[in-house]
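The values are calculated or read from the model by the stated rules, or taken from the named source; none is laboratory data. None of the values given here were measured: they were computed from a predicted structure. Using ideal geometry, Cβ is built from the backbone for each residue, glycine included, and neighbour counts are taken over all protein chains shown. Note: accessible area is taken over every heavy atom of the protein model, side chains too, but ligands, DNA and RNA are not part of it. Shrake-Rupley method; radii C 1.70, N 1.55, O 1.52, S 1.80 Å.
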Amino acid sequence: MPPVAPGQRAEKCSKPFFTHNHSSEPLWGIEARNAAIANHVFTVGINRVGTEVFPNEFTSGNGQPAHKDFGHFFGSSYIAAPDGSRTPALSRVREGVLIAELDLNLCRQCKDAWGFRMTNRLDVYAETLAKVAHPDYRPDIRREL
């Protein structure tokens, strides 16, 4: 997909989520949906199937012994719409291709109906980010007695 030029808006985006094993699988069904809703675009949750094995061992920083694979990838790719609806997922064990017809007008309809952008406060966000990104920043921590 070509990059979006200044002044234009994206209507769909695809992100290969790095999702495998049991730890992230419970979130898989909502990961791309959340991105679609928050950004008023169609998103495609892409996940492969099977286990990829590498020639050299590596560690994952989790204290476990070195290994040669990332674990099992559970497929289940799907397309999410800006209104939170989604397609049924592809297989967990077989490769597949998902073809869907997308109504790109839904992006604008959701953006207009939900008004997320109308109520955001970019100036406040920028000011707060600049403050906490400063090397001398000290959070204001208050404790109840």
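With respect to the conditions (1) within 30 Å of Gln109 (Cβ to Cβ); (2) open to solvent by 50 Å² or more (accessible area, probe 1.4 Å); (3) part of a strand (DSSP E or B), Asn56 falls short on a single one, namely (1).
Scanning the stretch 91-145 for residues that are among the hydroxyl-bearing types (Ser, Thr, Tyr) and assigned to a loop (DSSP other than H, G, I, E, B), which turns out farthest from Thr51 (Cα to Cα)?
Of all residues in the stretch 91-145, those among the hydroxyl-bearing types (Ser, Thr, Tyr) come to 91, 119, 125, 128, 137.
Restricting the remaining residues to those that are assigned to a loop (DSSP other than H, G, I, E, B) gives 91, 137.
Working: Ser91: 15, Tyr137: 44 Å.
Residue satisfying both the conditions and the ranking: Tyr137.
Screening Pro88 on (1) assigned to a helix (DSSP H, G or I); (2) without any contact (Cβ under 8 Å) to a residue 40 or more places away in the chain; (3) within 24 Å of Ile37 (Cα to Cα); (4) not aliphatic (A, V, I, L, M) shows it passes everything except condition (1). If only residues of the stretch 21-53 that are in a strand (DSSP E or B) and small (Gly, Ala, Ser) are counted, the one that is surrounded by the most Cβ atoms within 10 Å (Cβ to Cβ) is Gly45.
If you scan the stretch 97-130, which residues turn out to be open to solvent by 50 Å² or more (accessible area, probe 1.4 Å) and either within 20 Å of Glu31 (Cβ to Cβ) or touching a Leu at 6+ places or on another chain (Cβ under 7 Å) (or both)? Answer for the stretch 97-130, where residues must be open to solvent by 50 Å² or more (accessible area, probe 1.4 Å) and either within 20 Å of Glu31 (Cβ to Cβ) or touching a Leu at 6+ places or on another chain (Cβ under 7 Å) (or both): Leu98, Leu102, Trp114, Phe116.
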